[in-house]
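The values are calculated or read from the model by the stated rules, or taken from the named source; none is laboratory data. Since this is a predicted model, take the numbers as computed values, not measurements. Here the Cβ is made from the backbone with ideal geometry for all residues, glycine too, and neighbour counts use every protein chain on show.
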Amino acid sequence: MHIDLRTVSITPLRQTYNHIAERMGADKTASRYLEATMDLQAETNFHYRSTWDPQYEIHDRKRTRIVMQDWYDLKDPRKYYYGTYTRARARMEELADADYKFVETRGLAAAYDDAARQTALAFYVPLRHVAWGGNMNGLYQGDYGFGTAIVQACIYAGMDQLGIAQYLTQFGLLMGGREALDAAKKDWLQAPQWQPLRRLVEDSWVVEDWFELFVLQNVVLDGALFGVAYQEVDASLTERAGPVVSMLLRFQIEWFDEVSKWVDSVMKTAAAESDANKTLLAQWYRTWRPRVVEALAPVARIALDDDGAPAVARAMAAVDARMVKAGLSV
Amino acid sequence: MATVFIALQKNEESRAIVDAILADNPQATANNEPAMVKVDAPERMVIRRETVEQEIGRDFDLQEIHVNLVTLSGNVDQTDDEFTLSWV
C-alpha cells in the first residue's frame, strides 16, 4: 500500500482575542501574559456597592490618589501570570529545598558555630512576623487595587511573603528547634529592639491608600530590610562562620533580586504618567523612609553591633538610588 | 542577495525570540509555517540576549535557542550577548 503524506496548513481565523488585538493595533499572535492579563478585571456594570463602604464601586480607580489613564500600563516586566508565576516559584523552591537537604544530610546545621547561630536565630527568626505582615499588605493591594496587571503581581508578592515567612520558620526549626520559634515570637512581642519595627508593620496594616501601601511595603520597607538582612547580615555571618546560613536564605536572596525589577518598573511607569503622581510618590517615599530607618536600626544592631546603623544607611541609599533611577526626587 | 534564516518550533518561548529578532532586525520577516516559524533576513541577522530577556521576562541564555531550533542558514558568530547569522 502506498501512503502519501501531505501537509495541510490551517490558518486560524483569528490570532488572538479581539480586546487584545485592539490594544496591539493588529490581529497578531499575543503573548500568553498579555492574553491572561489585559482587561481581565470588570470595569463596568457593577451591581451593588459594599454596604460597609458605599462611596466606592467594588473595583474603583478612586481607592488610590494615584491617577492612571490606563491602569494596564503597569505591566510586569517578569510577565507573570498564574502559570508562569507558579512555574518560576516551583523552580526556585526546588533549588532552595535542595540546599536545605544538603545542609541537613551533611549535619552542617549542627556543626555551625554556636555564637553565630545565636545571632542568626535572634535576627532572622522574628523576621517571619514581618514577612507575614508583608503577606497581609500584598493581599490588601490585590484586594483594593485596580486592573489585573498590577493586582495580580501584588497578590504574587503577597504570597511570596508567606513563602518567605515559611522559609524563615524552617530556618528557625533547623538551626534552633521549636524553642527558637517561641523565643523569636517573645522577642517580637516584647524585646525593645523589635518594637519600632513591630509598630511600623502594624501601622502599615491600617494604611488605606493601596498604592501608598505599595510604596511603604514593597519599595521602602522591603527595599531596606532585604538589603540589610540578605546582604549586610548575610555577608557578616558568612565571614564569621561560613556560608551555611547564606545557603538557607537562598530563596529570599533570589526573590528580592527578581521582585525589585517589578517594583522599579511600577514606580517608573506611575511616576512618568504625570507630575502629580511623581510628587505624590516622592511624598509617600519621604514620609515612610525615616520610619523605616528608625525601625531597622535597632534590629540591625542585633546582628551587626555598631555597624548596624551604617548598614541600614547603605541599604536605604541603595533604595534611594533605585528610586532616582525610576524618576522620583527623593 | 543572499538570505540568512533561522527556523524555530512554534511555541510560547520561541514567540518571544522571534519578536526579539523582528525588533532588532528591521529587514527580517517571519513566515508562519505549520508548527514552525521561519525568520528570513537579507545578509545578516542578529539575536540579542538583552532583547530576548525583555520579551521573555526572565534571564535568558542564548544557548537556550537550541531547545527550539529547527534549522538555520548562514555563518554563525556567537558570543554571550549576541548570536549572529551572516554570509560575510
Q: Quickly run through region B:1-18 and pick out the residues that are in contact with a Ser or Thr (Cβ under 8 Å, 6 or more places away or on another chain) and within 14 Å of chain A (Cβ to nearest Cβ).
A: B:8, B:12, B:15, B:16
**Q.** Test for residue A:11: is it exposed (fewer than 12 other Cβ atoms within 10 Å of the Cβ), within 14 Å of chain B (Cβ to nearest Cβ), polar (S, T, N, Q) and over 30 Å from residue A:243 (Cα atoms)
**A.** yes
Q: Answer yes or no as to whether residue A:44 is of a type in the set (Ser, Thr, Tyr), within 20 Å of the chain's Cα centre (by Cα), under 20 Å from residue A:146 (Cβ atoms) and away from chain B (no Cβ under 14 Å).
A: no
Q: May I ask you to list the residues in region A:162-179 that are buried (at least 23 other Cβ atoms within 10 Å of the Cβ) and either more than 17 Å from the chain's Cα centre (by Cα) or more than 24 Å from residue A:104 (Cα to Cα) (or both)?
A: A:171, A:172
Q. Looking only at region A:45-87, which residues are in a helix (DSSP H, G or I), closer than 30 Å to residue A:30 by Cα and in contact (Cβ under 8 Å) with a residue 12 or more places away in the chain?
A. A:61, A:71, A:72, A:73, A:82, A:83, A:84, A:85
**Q.** Any hit, region A:220-231, residues being at pLDDT 95 or above and surrounded by fewer than 18 Cβ atoms within 10 Å (Cβ to Cβ)
**A.** yes
Q: Identify all residues within region A:186-198 that are assigned to a helix (DSSP H, G or I) and either closer than 15 Å to residue A:225 by Cα or not charged (D, E, K, R) (or both); write none if there are none.
A: A:188, A:189, A:190, A:192, A:193, A:194, A:195, A:196, A:197, A:198
Q: Select from region A:1-41 the residues that are of a type in the set (Lys, Arg) and under 29 Å from the mean Cα position of the chain (by Cα) and write down the one among them that is farthest from residue A:70 (Cα to Cα).
A: A:32
Q: Specify the residue that is nearest to residue A:15 (Cα to Cα); the eligible residues are those in region B:19-59 that are more than 13 Å from chain A (Cβ to nearest Cβ), part of a loop (DSSP other than H, G, I, E, B) and of a type outside the set (D, E, K, R).
A: B:28
(Q) Can you pull out every residue in region A:49-100 that is away from chain B (no Cβ under 14 Å), closer than 27 Å to residue A:249 by Cβ and acidic (Asp, Glu)? (A) A:93, A:94, A:97, A:99
Q: Mind listing whichever residues of region B:31-88 are surrounded by 15 or more Cβ atoms within 10 Å (Cβ to Cβ), under 30 Å from residue A:257 (Cα atoms), of a type outside the set (D, E, K, R) and more than 12 Å from the chain's Cα centre (by Cα)?
A: B:54, B:56, B:57, B:60
